[in-house]
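The values are calculated or read from the model by the stated rules, or taken from the named source; none is laboratory data. All figures in this text were calculated on a predicted structure; none of them were measured in a lab. We place every Cβ from the backbone using ideal geometry, glycine too, and count neighbours over all the protein chains shown. The accessibility values were calculated without ligands, DNA or RNA, using every heavy atom of the protein model including side chains. Shrake-Rupley method; radii C 1.70, N 1.55, O 1.52, S 1.80 Å.
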Amino acid sequence: MLANTRSPQMSRRLLDYLHRRQKETVELLEKLVRAESPSTDPAAQQQVLALLEGALQKLDYRVRRLPGRRTGGHLLAIGRDRSKNQPTQLLLGHCDTVWPLGTLDKMPLLQKAGKLYGPGTYDMKAGLVLSLAAIEAIRAQGLEPEVAPVIFINSDEEIGSIESTPYIRRLAKTSDRVFVMEPSLGPTGKLKTSRKGVGRFTIRVVGKAAHAGLEPERGASAILELSFVIQKLFALNDPQRGITVNVGTIDGGIRPNVIAPESEAVVDVRVLHQEDAREIERAILGLQPTTPGTQLIIEGRIGRPPMERTPGNQKLWQQAQQVAAEFGWQLEEETAGGGSDGNTTSLYAPTLDGLGAVGDAAHSPGEFVYLDRLVERAALLSRLLLEPAISD
């Protein structure tokens with residue numbers, strides 16, 4: 001293979017190749033979208049995993065199927081030509097979607113006005129296709145990355161990556177850098193250089209039932225106590241520090257004429273910084289009841305740590321800006337309110353997120369990607385994969 005020399009000419013060759021292969025790139029994306037793969041249906045995920053496995057093998061990758069216990073499993077792909085002791089860079093994505101089987105009947109795959117519509121197009125099957133296209137372009141030009149690309153695709157990201165996180169953590173610890181192929185942010189395709197950490201808490205109040213008319217004094221209202229808890233939770237919001245605490249659902253009580261013996265709230269928490277994550281977690285787990293005779297049972301944690309703008313992450317972002325300039329493009333960065341597996345990898349390796357497709361309406365009817373931006377994003381990724389080790 002040819003030695004890598006950073007130059008606008010090399011970038012142009014990669015871009016031209018990807019333009020010539022655009023039709024095949026879109027066709028593969030359509031195949032992946034037709035293979036509906038909801039997070040909660042392990043059997044349904046087998047088709048999309050098989051398609052991805054076959055595509056990776058065509059690129060001369062050794063592919064391991066990592067079985068799941070309650071998921072469809074995951075794919076780990078390593079190039080057959082990787083040298084011993086060669087540093088690695090992790091390409092990270094997920095093949096599961098939030099859409100149930102049968103969504104294509106109501107939300108069909110459709111090309112219209114330069115967009116490809118369909119469930120999972122934007123989040124994030126297009127990102128998986130871009131990973132494959134970028135590696136194909138590098139190989140077609142006879143170029144060899146100094147840092148070997150390793151690909152990991154999980155099937156449980158949309159439900160918290162509970163089974164796949166141990167794999168992701170181990171891979172990140174041995175990687176020079178991580179590129180997360182989640183969709184970009186906004187119509188200009190901003191990269192995600194930081195993300196909020198995400199927590200989920202369940203607060204159950206145990207009170208005491210009594211007749212609401214005959215002897216209410218003998219009861220202890222779990223609903224009354226929950227009202228106090230909710231006010232304490234909302235008081236933890238701090239927009240200036242990027243802290244949001246939202247009571248998303250509540251439940252409780254038996255009948256209108258019974259003092260409620262139980263109630264429950266489910267709480268979503270978002271934080272920008274790890275120190276805030278620890279503080280909010282302590283505050284919620286340390287809540288004490290106000291109403292006599294009631295008890296609080298609190299479960300939960302900050303499950304995804306914040307992805308902060310670490311020095312390594314910023315260095316990788318700067319590298320991306322320099323690469324984009326070779327194509328004559330300008331990149332923008334943004335903080336995302338939602339979490340991804342990049343929140344985990346950022347703890348261990350420089351991470352850049354949002355390198356996937358440009359589009360809109362993730363998790364919503366009308367989800368789509370811009371077809372003409374697919375080539376651009378694949379070209380950007382291919383050049384990033386050819387960059388020297390971030391630690392140099």
Kindly list, by first and then second residue, each pair from a residue in the range 15-41 that is without any contact (Cβ under 8 Å) to a residue 24 or more places away in the chain to a residue that is open to solvent by 60 Å² or more (accessible area, probe 1.4 Å), limited to pairs with Cβ atoms under 7 Å and residues at least 6 apart or on different chains. 35/47
Would you point out which residue out of 371, 352 is among the hydrophobic types (A, V, I, L, M, F, W, C), touching a residue at least 24 places away in the same chain (Cβ under 8 Å) and open to solvent by 10 Å² or more (accessible area, probe 1.4 Å)? 371
Can you tell me which of 349, 336, 325 is within 21 Å of residue 152 (Cα to Cα) and hydrophobic (A, V, I, L, M, F, W, C)? 349
Which of (1) under 23 Å from residue 151 (Cα atoms); (2) under 15 Å from the mean Cα position of the chain (by Cα) does residue 337 not meet, given it meets every other one? (1)
Within the range 87-103, can you find the residues that are farther than 20 Å from residue 131 by Cβ and touching an Asp or Glu at 6+ places or on another chain (Cβ under 6 Å)? 98, 101
From 100, 108, grab the single residue that is surrounded by fewer than 24 Cβ atoms within 10 Å (Cβ to Cβ), without any contact (Cβ under 8 Å) to a residue 60 or more places away in the chain and of a type outside the set (D, E, K, R). 108
Between residues in the range 221-248 that are closer than 21 Å to residue 302 by Cα and residues that are among the small types (Gly, Ala, Ser) and part of a strand (DSSP E or B), which pairs lie under 8 Å by C-beta distance while being six or more apart or on different chains? 229/265; 230/265; 233/265; 247/265
Within the range 324-348, tally of residues that are touching a strand residue (DSSP E or B) at 6+ places or on another chain (Cβ under 9 Å), modelled with pLDDT under 95 and buried (at least 18 other Cβ atoms within 10 Å of the Cβ): 1
Of (1) surrounded by fewer than 22 Cβ atoms within 10 Å (Cβ to Cβ); (2) in contact with a Cys (Cβ under 7 Å, 6 or more places away or on another chain), residue 54 satisfies every one except (2)
Looking at the range 113-139, which of the residues that are in contact (Cβ under 8 Å) with a residue 24 or more places away in the chain and in a loop (DSSP other than H, G, I, E, B) is surrounded by the fewest Cβ atoms within 10 Å (Cβ to Cβ)? 114
Those residues that are within 30 Å of residue 8 (Cα to Cα) and either part of a loop (DSSP other than H, G, I, E, B) or open to solvent by 30 Å² or more (accessible area, probe 1.4 Å) (or both), I need them from the range 292-323; list them, please. 309, 310, 311, 314, 315, 318, 321, 322
When residues of the range 228-276 are limited to those that are in contact with a strand residue (DSSP E or B) (Cβ under 9 Å, 6 or more places away or on another chain), assigned to a helix (DSSP H, G or I) and open to solvent by 30 Å² or more (accessible area, probe 1.4 Å), the one nearest to residue 346 (Cα to Cα): 274
For the range 44-52, does any single residue satisfy the condition of being under 19 Å from the mean Cα position of the chain (by Cα), closer than 19 Å to residue 138 by Cα and of a type outside the set (Gly, Ala, Ser)? yes
Please go through the range 277-291 and give me each residue that is open to solvent by 40 Å² or more (accessible area, probe 1.4 Å) and within 18 Å of residue 343 (Cβ to Cβ), ordered by number. 278, 279, 281
What tally of residues in the range 57-87 results from selecting those that are under 21 Å from the mean Cα position of the chain (by Cα) and surrounded by 13 or more Cβ atoms within 10 Å (Cβ to Cβ)? 10
Quickly run through the range 337-392 and pick out the residues that are closer than 17 Å to residue 138 by Cβ, in a loop (DSSP other than H, G, I, E, B) and not hydrophobic (A, V, I, L, M, F, W, C). 387, 388
